[in-house]
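> Questions regarding the structure given below will be posed in turn.
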Amino acid sequence: MRSLIQEIERVQTERRYGRVTGVRGLLVELAGIGQHISIGSRLEVETRGYRKVPVEVVGFRHETALAMPFDALEGVGVGCRAVLTQSEPVVFPSNAWLGRVVNALGEPIDGKGPIQHGTRPRLLRASPPPAHSRQRVGGKVDVGVRALNTFITCCKGQRLGIFAGSGVGKSVLLSMVARHSSADVSVIGLIGERGREVQEFIEDDLGEDGLAKSVVVVATSDESALMRRQAAHLTMTLAEYFRDGGAEVMCMMDSVTRFAMAQREIGLAGGEPPTSKGYTPTVFTELPKLLERAGPGPRGSGNVTGIFSVLVEGDDHNEPVADAVRGILDGHIIMERAIAERGRFPAINVLKSISRTMPRCNSDDENLIVREAKKFMSTYADMEEMIRLGAYRRGSNPDVDAAIGYHDAFEEFLGQWKDDKTPLAEGYLQLKKILETGPAQLNLSGAA
């Protein structure tokens, strides 16, 4: 009843409308309402089949407003009425959204009935907190994944990127973090995701316990560019809502690349010139605006810890979106196809990955353990080709001999089934035990 009353209170008492004067590709040209709308305004176009198509203003050409649809344009023609619904897009989140799955418009799509809205509106495209008002990055976040907890430790309010090509295991790694994370609330944005994988992610990967403390925002790959872009903004808005309530929030987005692709479609349709790999200038303007919304909250609130996946096209980690995102975030997790092909999951290359906040949040002993392990991993990586070809003879270099002895134990440590959880402290203990055992004993036990 309360939800119904809130809906009634938000009903507009007057309606402003214009008319469709043309449709070009995905652009709808509107006239007669230009003085009452701005970039981001929402309207509903009434089609000739009595269907309503929501659109958003993305630009202007002289006296004509240019809008893009959230839905298919079938039935839209010249003269159709376009009614103004929102001058600025807002959403009304509440704690009742926990455990729910919604689309980019905030509408429930999980079959559990209506969703209770809050009383205070929140802007979908809010600005990040001012830099001077933010807290500093806090203590560690336990994500339950050994490789991340030990070698790429994540702190409260940090933003990490998972960089990988298609099929290397980004989504599975995100699901492990979503299920095992120690955060109070998880907000998960599936942007441009395959439709068949959504239910699998919710039921198999996230599970009932994970879903109970999560909100999942879904925009599948077949939905419009506006829906995919808005799903990313809604994900951040919900994370900010729970952060302002004092919660430690884990915000995950899969993937930022599909957000960038959606923004590219919108920019090209609006007449922007393509630049690097066809991406328009606004893509590289919108990326920091989106990603900077995650991070430490204002003093007295919680934090938004962000983990964002980045699909690197053609396994090129220097392609434009990956390069731009890597410069914005506080660390990067590199996943490699070669590691996945030899059967070790998650396929993280810990030598190429980095957490910029990790050294400060670790103790001296923990940093020493990680440095020692990385030293042997790096030595093995440098000599790997010669070792595999049989060109290296044991005894030639004691450091290489030790690296070979440790290799199998490190590989076993870094591998982890998606249902397994390793607490933060236990990961360091396991790594310390490997180093204390010594390469000779590890080799003997392996041979036995």
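> Evaluate the following for GLU7: is it surrounded by fewer than 16 Cβ atoms within 10 Å (Cβ to Cβ), at pLDDT below 95 and part of a loop (DSSP other than H, G, I, E, B)?
No.
> Taking region 314-327, which residues are in contact (Cβ under 8 Å) with a residue 60 or more places away in the chain and either of a type in the set (Ser, Thr, Tyr) or in contact with an Asp or Glu (Cβ under 9 Å, 6 or more places away or on another chain) (or both)?
ASP315, HIS317, VAL321, ALA322
> A further question follows. What number of residues within region 91-107 satisfy the criterion of being within 21 Å of the chain's Cα centre (by Cα), aliphatic (A, V, I, L, M), more than 22 Å from VAL28 (Cα to Cα) and open to solvent by 20 Å² or more (accessible area, probe 1.4 Å)?
Of the residues in that region, 1 qualify.
> May I ask you to list pairs of residues, at least six apart or on different chains, whose Cβ atoms are under 8 Å apart, with the first in region 300-313 being more than 12 Å from VAL187 (Cα to Cα) and the second being of a type in the set (Gly, Ala, Ser) and assigned to a strand (DSSP E or B)?
The qualifying pairs are ASN303/GLY295; SER309/GLY161; SER309/ALA164; VAL310/GLY161; VAL310/ALA164; LEU311/ALA164; VAL312/ALA164.
> Name the single residue that is surrounded by the fewest Cβ atoms within 10 Å (Cβ to Cβ) among those in region 132-156 being in contact with a strand residue (DSSP E or B) (Cβ under 7 Å, 6 or more places away or on another chain) and of a type in the set (S, T, N, Q).
Of everything passing the filter in region 132-156, SER133 is surrounded by the fewest Cβ atoms within 10 Å (Cβ to Cβ).
> Please name all residue pairs, on different chains or six or more residues apart, with Cβ atoms under 8 Å, provided the first residue is in region 191-205 and is open to solvent by less than 30 Å² (accessible area, probe 1.4 Å) and the second residue is assigned to a strand (DSSP E or B) and polar (S, T, N, Q).
From residues that are open to solvent by less than 30 Å² (accessible area, probe 1.4 Å), the pairs are GLY192/THR220; GLU193/THR220; VAL198/THR220.
> Go through (1) under 24 Å from the mean Cα position of the chain (by Cα); (2) open to solvent by 30 Å² or more (accessible area, probe 1.4 Å); (3) more than 23 Å from VAL58 (Cα to Cα) one by one and return the number of the condition PRO129 breaks.
All conditions are met except number (2).
> Name the single residue that is nearest to the chain's Cα centre (by Cα) among those in region 36-76 being of a type in the set (Ser, Thr, Tyr) and open to solvent by 20 Å² or more (accessible area, probe 1.4 Å). Break it down into steps so the answer makes sense when it comes.
The initial filter retains those residues of region 36-76 that are of a type in the set (Ser, Thr, Tyr), namely 38, 41, 47, 50, 64.
Still in the list and also open to solvent by 20 Å² or more (accessible area, probe 1.4 Å): 38, 50, 64.
On the way: SER38: 29, TYR50: 37, THR64: 35 Å.
This residue is SER38.
> Hey, can you tell me all the residues within region 256-282 that are touching a helix residue (DSSP H, G or I) at 6+ places or on another chain (Cβ under 7 Å) and touching a residue at least 40 places away in the same chain (Cβ under 8 Å)?
Across region 256-282, the qualifying residues are VAL256, THR257, ARG258, PHE259, ALA260, ALA262, GLU265, ILE266, SER276, LYS277, TYR279.
> Here's a check for you: in region 308-324, which residue that is touching a helix residue (DSSP H, G or I) at 6+ places or on another chain (Cβ under 6 Å) and of a type outside the set (D, E, K, R) is nearest to LYS156 (Cα to Cα)?
PHE308
> Another question about this same structure. Quick one: in region 210-247, which of the residues that are among the basic types (Lys, Arg) and modelled with pLDDT of 95 or more is nearest to ARG293 (Cα to Cα)?
Among those that are among the basic types (Lys, Arg) and modelled with pLDDT of 95 or more, it is ARG243.
> Since ASP110 meets every condition but one in (1) in a loop (DSSP other than H, G, I, E, B); (2) acidic (Asp, Glu); (3) open to solvent by 50 Å² or more (accessible area, probe 1.4 Å), which condition does it not meet?
Just one mismatch for ASP110, condition (3).
The values are calculated or read from the model by the stated rules, or taken from the named source; none is laboratory data. Not measured: the values here are computed from a predicted model. Here the Cβ is made from the backbone with ideal geometry for all residues, glycine too, and neighbour counts use every protein chain on show. In case anyone asks, the SASA skips ligands and DNA or RNA and just uses the protein heavy atoms, side chains included. Shrake-Rupley method; radii C 1.70, N 1.55, O 1.52, S 1.80 Å.
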